[in-house]
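In what follows, a single structure is set out as structure tokens and then discussed.
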Amino acid sequence: MATAAAAKAPASLPPFLAACARQPVPHTPIWIMRQAGRYLPEYRKVRAATTFAGLTRDPALACEVTLQPIRRFALDASIIFSDIMVPLEGMGVKLDYAPGPVIETPIQTRAQIEALRPLVPEQDVPFVMESIRLTRAGLPAHVPLIGFCGSPFTLFCYLVAGKPSKEFALPRQFLHAEPVLATMLLERLADAMIVYLRAQAGAGAQALMMFESWGGLLGPADYAAFALPAVKRIIAGLKDVGVPVIYFANNCMGNLPSIAQLDVDVVGVDWRTPLSYARGVLKGKAIQGNLDPATLFAPKETLLSRIDGVLADAGPAPGHIFNLGHGIWPETDPDAVARLVDYVHEKTSHG
Ligand code: CP3
């Protein structure tokens, strides 16, 4: 029978959550952005029978594809299968995926911004929370489940441009031509993401991640003026939730000094941002990243040496979660992923 002291001792955290808290870990935890997706034949099989939107709205299917990479690889975390655009549909935005998001009527006027409904997650997107409940029940205890959303500026880019773009010229023009409206839209998006992330945590998400996929389009002054305040607003709205918050800052090396102000547990960086530099700027936070997804196409020896490079750059201090620097590419060989996951574990195991 357990003693009173043993009963009170906290159960040891799964390695992913320990790393989020910058605690020592038995091995460096690893998961992969877009780990459920088209590089897996089992995903393509499920996807062939439905649409992408259909997949996100069917909790049994979303749960199935979320679990697929966990069955195949020794990953340390799972991320719920959905998309950053899903809550926007709940706010009344009509969109489709081709495969990137295409908005029926891009948002460019005050009237359109005012017409966006405040999000009521359990009413507008109940299937997301149901997917989280189902998936949590199907995951092993040592694999935490991550819930996520897009950052306000990244969502703003898709909503204003109406489709994927490399430059997002229209949304960036809008910031400067209509700063008051732009801020209004960013704040409405932030408020929706607060209730959305809170609902995901309530349904069982054990960490919450914000994807700032397009923040790197902004220079430091515009990042600080537009993107950062909206992220701060979300973080303030999550203060009492009690799960770690991860902020993925894609191509944001120049914005890291601003990002250092954010009260988040973990910052994810892309492969262009050296982890040693990120560690130096982001003191007091854990870091996540940052193997270039292209290196998964290299011969085995090169891949392993690039993984060594990421681990060496992260250094021995606690608080590194291994990941790619951005989402895995659909053409990737799943065997290269197995090699990556197993090698990170092997190389960093402390007995
Ligand atoms: O495994 C996971 O990481 C969870 C699933 C996930 C998807 N999208 C599935 C998806 C996550 C976390 C996202 C986030 C997302 N969606 C982001 C942020 C991450 C990033 O890549 O920067 C962004 C910008 C989007 C918007 C979006 N949705 C794009 C640009 C695309 C097309 C991309 C592509 O890979 O072709 C989508 C569609 C999408 N979302 C797919 C998947 C698996 C492909 C759709 C399909 O299967 O037909």
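The values are calculated or read from the model by the stated rules, or taken from the named source; none is laboratory data. The model shown is predicted, which means the values in this text are computed figures rather than measured ones. We place every Cβ from the backbone using ideal geometry, glycine too, and count neighbours over all the protein chains shown. Note: areas computed on protein heavy atoms with side chains; ligands, DNA, RNA excluded. Shrake-Rupley method; radii C 1.70, N 1.55, O 1.52, S 1.80 Å.
Go ahead and set up a Gaussian network model of the chain, Cα springs under 10 Å, then flag whichever of ALA190, ALA60, ALA115 fluctuates most.
Fluctuation is largest for ALA115.
Can you give me the angle between helix 152-161 and the longest principal axis of the chain, using Cα atoms only, in degrees from 0 to 90, rounded to the nearest 10?
50 degrees
Looking at region 4-348 only, what percent of DSSP beta bridges run antiparallel? Nearest 5 please.
Counting only bridges with both partners in region 4-348, antiparallel ones make up about 10 percent.
Quick query: amide H of ILE79 versus all other amide H atoms, modeled in the peptide plane; which residues come in under 5 Å with a sequence gap of 5 or more or a different chain?
ILE146
Could you give each residue of region 28-37 its phi-based ³J(HN,Hα) in whole Hz, using Karplus coefficients 6.51, -1.76, 1.60 with θ = phi - 60°, and x for Gly or Pro?
Each residue of region 28-37 in turn: 5, x, 9, 9, 10, 4, 6, 5, 9, x Hz.
What Kirkwood radius, in Å to one decimal, follows from the Cα pairs of region 263-351?
Final number for the Kirkwood radius of region 263-351 is 13.4 Å.
Using the heavy atoms of the protein chains and a 1.4 angstrom probe, tell me the accessible area per residue for the chain in square angstrom.
Roughly 41 Å² per residue, with all protein chains present.
How high is the FRET efficiency from THR50 to THR105, r the C-beta distance, R0 30 Å, rounded to 0.05?
Once rounded, the FRET efficiency stands at 0.75.
Binning at 10 angstrom from zero up to the longest distance, how are the C-alpha pair distances of region 4-348 distributed in percent?
Bins of 10 Å from zero give 5, 26, 36, 25, 7, 1, 0 percent of pairs.
Kindly express, to the nearest 10 degrees and within the range 0 to 90, the angle between helix 228-237's C-alpha long axis and the longest C-alpha principal axis of the chain.
That helix lies at roughly 70 degrees to the long axis.
How many nm separate the modelled label positions at ALA338 and ALA236, each set 7 Å beyond the Cα in the direction of the Cβ?
Between ALA338 and ALA236, the simple spin-label model gives 5.0 nm.
What FRET efficiency comes out for ALA98 versus GLU42 if R0 is 25 angstrom and r is the Cβ-Cβ distance? Round to the nearest 0.05.
After rounding to 0.05, the efficiency reads 0.60.
Note the angle between two axes, namely the Cα long axis of helix 179-203 and the longest principal axis of the Cα atoms of the chain, as a number of degrees from 0 to 90, rounded to the nearest 10.
Helix 179-203 sits at roughly 40 degrees to that axis.
Express the carbon and sulfur contribution to the solvent-accessible surface of region 4-348 as a percent, rounded to the nearest whole number, probe 1.4 angstrom.
That share works out to 57 percent.
Quick one: which residues, 5+ away or cross-chain, put their amide H under 5 Å from the amide H of VAL267? H built at 1.01 Å from N.
TYR247, ALA286, ILE287, GLN288
Let me check I've understood the local charge: for ALA53, count other residues with C-beta under 14 angstrom from its C-beta, Lys and Arg +1, Asp and Glu -1. What total comes out?
-2
Any idea what the relative contact order of the chain is, in percent, if you count C-alpha pairs under 8 Å spaced at least 6 apart?
With pairs under 8 Å counted, the relative contact order is 22 percent.
Among LEU17, THR56, GLY37, whose Cα sits farthest toward the positive end of the charge dipole of the chain (+1 at Cβ of Lys/Arg, -1 at Cβ of Asp/Glu, about the Cα centre)?
Working it through, the farthest residue towards the positive pole turns out to be LEU17.
Between beta-carbons, use under 11 Å as the cut-off and find the net charge around TYR247, counting Lys and Arg +1, Asp and Glu -1.
Residues close to TYR247 contribute a combined charge of -1.
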